[in-house]
Amino acid sequence: MQEEQQVAILVGAELQQQSSHERSMDELEQLAFACEVAVEAKVSQRLEKINPSTYIGAGKLLEVKQVLSATDANLVIFDDELSPSQIRNTEQILECKVIDRTILILDIFAQRAKTKEAKLQVELAKLQYMLPRLVGLRQSLGRQSGGVGTTNRGAGETKLELDRRKIEEKMSILSKELERLVKQRQIQRGRRQKQEMPVVALVGYTNAGKSTLMNAFLQFGTNASDKKYVFEENMLFATLETSVRKVTLPKNRSFLLTDTVGFVNKLPHHLVKAFRSTLEEVKEADLLLHVVDYSNPNYEQQIQVTNETLKEIGVENIPMIYLFNKSELVDDKFHINREDSLYVSAREKKGFEALLQTLELSLFATDVKVEFLFPYTAGEHVHYFQNHADVLEMEHQETGTYMKVICRLKDKQKYEQFMIKTV
Ligand SMILES: Nc1nc2c(ncn2[C@@H]2O[C@H](COP(=O)(O)OP(=O)(O)OP(=O)(O)O)[C@@H](O)[C@H]2O)c(=O)[nH]1
Ligand SMILES: [Mg+2]
């Protein structure tokens, strides 16, 4: 079936004196582009409060209808999550397919999801979103042959999806499958924890530069073998899956770095819930690097949205360092004077010296200087410390190998029996 080019009119309500309304509409436009939907026009209305039946006022809606008939637009996208009856009512009046910000984001996630886990999570979130909206969707589909979101699908599939009982059945199957995958992941994570390496997670708004930063870290690190670069791209939600890489800094100081999915304003609640398991890695981090697109005029709101979303997934009380990224694009860059922030450019690899120093301080502050004497029968321990500690001195003596090292506190405790003294 030939897919019709989708052309949309964006509709938003400006509540109070929101300065962020225009930016939210711009972001909606970017989200539409990410779904290959062209934007014909934007219509905004200043409102005291949202109209419960049609979201914007009836008069304004007719204005949208006029724009629809004057252009070749065939889709209306609201910049917020609509209730089932709002979708039904606006579709009836506009005689056109209506979707909202939520389904747009769900569609992007659906298109981008690559791993089985991500696919399941998105599908589940989509079904959850659809369930209470079946009536409205059914009507809309009677008129149009299009799918639920922005993608056109075959009629057979949509019919199946619109059957409530079948949806519920499917959701329960997906949940079980997801649970199984999550368990599998927890086992993997448990294995990793045994390595006792500190975990650092990159978090932040979508397109802030998290993946680019991760790749920069891999270049700086000394581990030559494990340089599996992650995907970075100038588009919203380039990253949907969590990737973990080991970064080794000089002096054998290693940590695990986690790249995660970015956040966006009004991120659908179902989606946050569905992605909770992916983001569990973040919950267990020792340190969060909050990456901010400092060149974005809206960066303050983006920080706020990110912090709120983190709270929603239960991430609290983890030390956080703000990385004001893309700082090479900003002239007056040092006006934020906060102790917990650094200015970097992931693209130009600037500001990394200070960053690495800060990481050293916060991750390896409890490292200790220890002297060991390993008998020659325990050669594997010598090997271990050569790879996991900063070796200051080493000497083969009569009774064994003498080592003076700076190592992790945990290792000191573990190998206490071989210790001569703490220096
Ligand atoms: N000018 C400039 N651009 C940067 C910098 N860091 C990243 N970018 C660009 O910003 C865009 C987004 O970068 P990503 O690393 O994919 O961003 P992300 O935070 O991983 O985004 P999501 O995965 O979508 O959440 C890319 O086009 C990068 O090249 C920087 O320091 N300066
Ligand atoms: Mg990314």
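The values are calculated or read from the model by the stated rules, or taken from the named source; none is laboratory data. Owing to the predicted nature of the structure, the values given are computational and were not obtained by experimental measurement. All Cβ positions, even for glycine, are placed from backbone atoms using ideal geometry, and neighbour counts span all protein chains on display. Each accessible area value is taken on the protein alone, full model and side chains, heavy atoms only, with ligands, DNA and RNA left out. Shrake-Rupley method; radii C 1.70, N 1.55, O 1.52, S 1.80 Å.
Structure values in brief
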read-out: Residue satisfying condition, being at pLDDT 80 or above, surrounded by fewer than 22 Cβ atoms within 10 Å (Cβ to Cβ) and in contact with a helix residue (DSSP H, G or I) (Cβ under 6 Å, 6 or more places away or on another chain), within set E241, E232; value: E232
read-out: Qualifying positions in region 110-125 - under 16 Å from A238 (Cα atoms) and surrounded by fewer than 23 Cβ atoms within 10 Å (Cβ to Cβ); value: A110, Q111, R112, A113, K114, T115, A118, K119
read-out: Matching residues in region 72-95 - criterion: being within 17 Å of M130 (Cβ to Cβ) and among the charged types (D, E, K, R); value: E81, R88, E91
read-out: Test: residue in region 60-70 that is crowded, with 17+ Cβ neighbours inside 10 Å, under 22 Å from L106 (Cα atoms), touching a helix residue (DSSP H, G or I) at 6+ places or on another chain (Cβ under 9 Å) and touching a residue at least 24 places away in the same chain (Cβ under 8 Å); value: no
read-out: Residue that is farthest from ligand 1 (Cβ to nearest atom), among those in region 254-271 that are of a type in the set (A, V, I, L, M, F, W, C) and either outside the structural domain of K210 (by TED's automatic domain parsing) or open to solvent by less than 10 Å² (accessible area, probe 1.4 Å) (or both); value: F255
read-out: Boolean, L104 is modelled with pLDDT of 90 or more, in the same structural domain as G12 (by TED's automatic domain parsing) and either under 23 Å from E177 (Cβ atoms) or crowded, with 17+ Cβ neighbours inside 10 Å (or both); value: yes
read-out: Matching entry among R165, R143 (being over 24 Å from E312 (Cβ atoms), at pLDDT 55 or above and surrounded by fewer than 17 Cβ atoms within 10 Å (Cβ to Cβ)); value: R165
read-out: Any hit, region 210-228, residues being within 25 Å of E81 (Cα to Cα) and more than 9 Å from ligand 1 (Cβ to nearest atom); value: no
